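Next up is a structure, given as C-alpha cells.
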Amino acid sequence: MNPVVEHTDLIKHLQKEVIRLQGGGVAQGIVQRRVRCGPIEQAFPGRVFPTGAVHEFISHKPNDAAATNGFMAALIGQLQDEQGMCLWVGIKRSIFPAALQLFGVDPGRIIFISPDKQKDVLWAIEEGLKCKALAAVAGELKGLSFTESRRLQLAVEESKVTGFLHRYQPATENTVACSTRWKISSIQSITGGMPGVGYPRWDIHLQKVRNGKPGRWQAEWVNSGFNFIQRPAIVIAQQQLKAG
C-alpha cells in the first residue's frame, strides 16, 4: 500500500477519534438514530448532530423557556425509538406531558423526576446519563459549574446517551464542558387568518459548537419535522451587528 495514503488514512482516523472523545461524534459499532435538523447539520463535525454528547440550552424569559423545551422535545423525539425510554429531571416540572406528542415524543415512555434540591437534580441527571438503557436525558436546572459539566460529559462518553441541559435564568453564562450551547426564542407563527395558534416557530441560535461552526436559523415544526424559514437579508445583517 502507498505509505502516503496509509499515513493520510491514519490521520483521518485519529481526527475522528479526537472528535468522538471530545463529545462530537459516535463511536464505531454504536447504532443510534440520527437527528435530522436540516441546514443546522452543516454546523456540526461530519455534518451530523452530535449524539452521545451533552447539549446546553440557556433561556432567561418564560416564553423562551417554553420554546426551548419544545425544541429539545423535537430533538428527543427523533432519538426515542419504539422501545426507548427517556428521563426528564427538574425541580419544578414545566412540561405538560400530553403536549410532547406534538414533537413525536411518547409521554408514556418519559420518566419524570422532580427532586426538591438542585444538588439532587444534578445527581439524577448524572445517574441517568450513565444508564445505557435510556435514549436521552433532559435536565432543567439553573447553575452548572465546569467541573459538574465535565462529569456529565464523561458519563455520556461511556454510555453514549445524549443529554440536554436547560439552564433557566442562570446567575452567569459561565463556560461549561458541553459540546454545544444554544439559545432558542419563540417567534410569531402563521395562523392563516384563522383564530388560534399556528405551528411552533423558533429562532435557533447555536452559539457554540465544539469542532464546528456556530450559526443562526429560523424554523417551524410541521408534520413531525423542521421547516426552515428563509430570513430577509436585512434581518440577518441586523442580527449579526447585534451579535458583534
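Residues checked against (1) outside any helix (DSSP H, G or I); (2) at positive phi; (3) among the hydroxyl-bearing types (S, T, Y); (4) modelled with pLDDT of 65 or more:
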residue	(1), (2), (3), (4)
I11	no, no, no, no
E17	no, no, no, no
I40	no, no, no, yes
G46	no, yes, no, yes
P50	yes, no, no, yes
A67	no, no, no, yes
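Okay, moving on. State whether the residues of region 193-201 include one that is modelled with pLDDT of 95 or more and closer than 19 Å to A66 by Cβ. Explain how you work it out, then say what you get.
Looking only at region 193-201, we keep the residues that are modelled with pLDDT of 95 or more, and these are none.
No, there is no match, as no residue in region 193-201 is modelled with pLDDT of 95 or more and closer than 19 Å to A66 by Cβ.
Quick one: which residue in L134, L141 is surrounded by 14 or more Cβ atoms within 10 Å (Cβ to Cβ) and closer than 17 Å to L79 by Cβ?
L134
A further question follows. Does I125 fit the bill of being surrounded by fewer than 20 Cβ atoms within 10 Å (Cβ to Cβ) and closer than 24 Å to G77 by Cα? It would help to see each step written out before you state the result.
Working: surrounded by fewer than 20 Cβ atoms within 10 Å (Cβ to Cβ): no; closer than 24 Å to G77 by Cα: yes.
Taking the combined requirement at face value, the residue does not satisfy it.
I've got another one for you. Could you list all residues from region 171-187 that are at pLDDT below 95 and not in a loop (DSSP other than H, G, I, E, B)?
Passing the criteria: only S186.
Are any of the residues in region 164-179 under 24 Å from W221 (Cα atoms) and either touching a Cys at 6+ places or on another chain (Cβ under 7 Å) or surrounded by fewer than 16 Cβ atoms within 10 Å (Cβ to Cβ) (or both)?
Yes, region 164-179 contains a residue that is under 24 Å from W221 (Cα atoms) and either touching a Cys at 6+ places or on another chain (Cβ under 7 Å) or surrounded by fewer than 16 Cβ atoms within 10 Å (Cβ to Cβ) (or both).
Note down all Cβ pairs under 7 Å where the first residue falls in region 94-115 and is touching a residue at least 24 places away in the same chain (Cβ under 8 Å), the second is loosely packed, with under 15 Cβ neighbours inside 10 Å and of a type in the set (G, A, S), and they're at least six residues apart or on different chains.
Sorted first by the residue in region 94-115, then by its partner, the pairs are G104/S224.
Of everything in region 36-68, what is within 19 Å of W202 (Cβ to Cβ) and of a type in the set (K, R)? Give them in sequence order.
Restricting attention to region 36-68, the residues satisfying the condition of being within 19 Å of W202 (Cβ to Cβ) are 36-44, 49, 55-68.
Scanning region 36-68 gives R36, K61.
To continue, here is another question. Please tell me if G23 is on the phi > 0 side of the Ramachandran plot, modelled with pLDDT under 50 and surrounded by 11 or more Cβ atoms within 10 Å (Cβ to Cβ). Before the answer, list the steps.
Details: on the phi > 0 side of the Ramachandran plot: yes; modelled with pLDDT under 50: yes; surrounded by 11 or more Cβ atoms within 10 Å (Cβ to Cβ): yes.
It is true that G23 is on the phi > 0 side of the Ramachandran plot, modelled with pLDDT under 50 and surrounded by 11 or more Cβ atoms within 10 Å (Cβ to Cβ).
Among all residue pairs at least 6 apart or on different chains, which show Cβ distances below 8 Å where the first residue, located in region 145-161, is within 18 Å of L79 (Cα to Cα) and the second is loosely packed, with under 14 Cβ neighbours inside 10 Å and among the β-branched types (V, I, T)?
As it stands, the answer is K160/I30, since those pairs meet every condition given.
The values are calculated or read from the model by the stated rules, or taken from the named source; none is laboratory data. Keep in mind the model is a prediction, meaning the values are calculated, not measured. A quick note on method: Cβ atoms are made from the backbone with ideal geometry, for glycine too, and the neighbour counts reach across all protein chains shown.
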